[in-house]
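All remarks here apply to the structure that follows.
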Amino acid sequence: MSRILYSTLFTVALAVMSTACSEKPAPAAETKAVVDPNLVVLTPELEANIKTGVVSEIQFVDTLRIPGRIQVDEQYESRAGASITGRISTLDVNLGDEVKAGQRLATIKSTELAQFQLNYIKASQQVQLQTKAVDRARQLLEADVISQAELQRREGELHAANAEVNAARDQLLVLGMAPGNISKLGLQNSGMSTSQVNSKITGTVIARKARLGQVVAPAEELFVIADLSHVWAVAEIPEQQIAHIKEGQSLNIEVPALDDAELTGTLAFVGDIVNPATRTVMARANISNNKMLLKPDMLITILLEAKPETVIAIPSTAVVRENNADHVFAQTLKSKQYKLLPVTLGRTYDGKKEVLQGLQPGDQIVLDGAFHVNNERKRKEME
């Protein structure tokens with residue numbers, strides 16, 4: 001019985017050994033190394049075309065773009081009005097006309113003026129009478145007909161008459177009458193019931209509030225004349241930047257209405273008070289307008305250098321645009337291996353871009369030629 005059992009076991013063992021020898025072992029699964037597509041190892045060829053270095057901080061001076069407008073230079077502006085109550089009988093200029101200093105703008109007919117002229121005529125006649133009386137008194141004194149006291153009395157009356165005519169003359173000058181016309185009053189002994197409104201400067205009529213037949217008073221403004229070859233650029237400066245601007249500073253001005261033409265000016269005035277509503281300070285620049293291209297109330301943009309700031313910045317040549325985002329190549333732990341990293345950038349200044357997120361001072365990156373490295377990365381990715 002045992003002999004049969006041993007025989008059976010031996011047969012089974014031979015069968016198992018035969019089966020095991022006939023089957024080949026299964027090959028081991030091949031494992032492929034995973035390569036990060038954002039990694040690039042610098043080859044000697046690449047190193048020859050790029051520049052690497054560390055990220056650093058710079059003094060960033062931003063350019064403030066401050067909205068403003070063109071204003072008339074008040075030093076070259078004149079307002080003309082009636083010097084006496086009356087009615088406008090003629091208008092000699094229209095809005096936009098060029099006028100010369102002394103040119104007539106309008107004529108006003110006034111009964112009040114006629115009364116002042118009559119006072120002057122009476123005073124002039126009185127001077128003539130008193131002058132004759134003094135001459136006669138001197139002759140009588142020489143003939144020993146009157147006393148010295150009588151001559152002195154008549155001379156006093158002449159002085160009083162001269163004072164009255166001078167006062168009447170001054171009144172007519174204040175009312176706008178020309179000295180030549182006043183002198184004619186005394187010679188003709190007849191008044192002219194009209195007064196002229198004349199321009200005091202050479203310039204452009206930028207406002208006309210007068211109407212034919214309008215009754216006007218001395219307090220009313222009828223015309224505004226301005227020499228527009230000199231204008232002001234006015235803007236409200238944020239109070240945080242006021243400490244960094246000063247009078248006499250040069251600035252640039254963009255004019256959208258003139259296809260963003262850039263003009264230059266000089267900061268002539270910085271306000272002494274802060275507007276509590278806007279937290280700004282009014283500033284004014286003098287602008288030459290010889291070509292007469294700038295118009296009052298035209299909108300402009302004033303460009304000013306802002307307060308310097310310390311920021312992290314990188315050259316523009318270090319930036320790579322991928323998938324509508326900004327990236328740089330930063331060094332990994334291996335010396336010649338660089339990885340494409342996303343960064344958030346801000347303002348641009350002097351060929352450099354401000355880094356808001358993604359880098360720190362001292363990080364090693366590709367500063368110049370980043371597009372060469374990116375091309376190599378894309379080539380490797382396609383293999």
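Listed by chain and number, the lysines whose alpha-carbon sits under 16 Å from that of K352, ignoring those within fewer than 8 places in the same chain, are K51.
Rg and Dmax of the chain, both derived from C-alpha coordinates alone, stand at 48.0, 202 Å. Largest GNM mean-square fluctuation across V174, V270, V205, computed for the chain with C-alpha springs under 10 Å, falls on V174.
Label region 114-244 by shape, choosing from rounded, prolate and oblate, from the square roots a ≥ b ≥ c of the eigenvalues of the Cα gyration tensor; if a/c is under 1.5 it is rounded, and otherwise prolate applies when a/b is larger than b/c, oblate when it is not. Kindly include the intermediate steps, with their values, before the conclusion.
Values: a/c = 4.59, a/b = 2.53, b/c = 1.82.
Taking the square roots of the gyration eigenvalues as a ≥ b ≥ c, region 114-244 is prolate.
Of the residues N290, N324, N275, the one that moves most in a GNM of the chain with alpha-carbon contacts below 10 Å is N324.
Rounding to the nearest 20 debye, state how big the charge dipole of region 111-192 is about its Cα centre with +1 on each Lys and Arg Cβ and -1 on each Asp and Glu Cβ. It would help to have the intermediate numbers written out before the result.
Working: 8 positive and 9 negative charges, 43 e Å.
For region 111-192, the charge dipole is close to 200 debye.
Available extension along the chain between V174 and N286 is 37.0 nm, counting 0.36 nm per residue and deducting the alpha carbon span.
With r as the distance between the Cβ atoms of L95 and R153 and R0 = 51 Å, compute the FRET efficiency 1/(1 + (r/R0)^6) and round to 0.05.
Using R0 = 51 Å, I get an efficiency of 0.30.
The angle between the Cα long axis of helix 370-382 and the longest principal axis of the Cα atoms of the chain comes to about 30 degrees, rounded to the nearest 10.
Neighbours of S147 by Cβ distance under 15 Å: Lys/Arg scored +1, Asp/Glu scored -1, total 0. Placing a label point 7 Å from the Cα of T317 along the Cα-to-Cβ line, the residues of region 353-374 whose backbone N sits under 15 Å from it are 353, 365-374.
What number comes out for the charge environment of F371, summing +1 per Lys or Arg and -1 per Asp or Glu over other residues with Cβ under 14 Å away? Display every interim value, and only then the final one.
Working: positive: K51, R321, R377, K378, R379; negative: E322, D326, D368, E376.
Residues close to F371 contribute a combined charge of +1.
Packing, as the average of other Cβ atoms within 10 Å across residues, places the peptides 135-143, 355-363 in the order 355-363, 135-143, highest first. Rounded to the nearest 20 debye, the dipole magnitude of region 280-348 is 160 debye, with +1 charges on Lys and Arg beta carbons, -1 on Asp and Glu beta carbons, and the Cα centre as origin. Label 7 Å along Cα→Cβ of N166; region 103-140 residues with amide nitrogen under 19 Å? The answer is 119-132, 134.
For the set K295/K353; K100/K122; K334/K378; K109/K295, the pairs lying more than 31 angstrom apart at their alpha carbons are K295/K353; K100/K122; K109/K295.
Each reported figure results from applying straightforward, stated rules to the coordinates on display, with no laboratory input. Please read these numbers as outputs of a predicted model, since none were measured by experiment. No Cβ is skipped: glycine too gets one built from the backbone with ideal geometry, and neighbour counts run over all protein chains shown.
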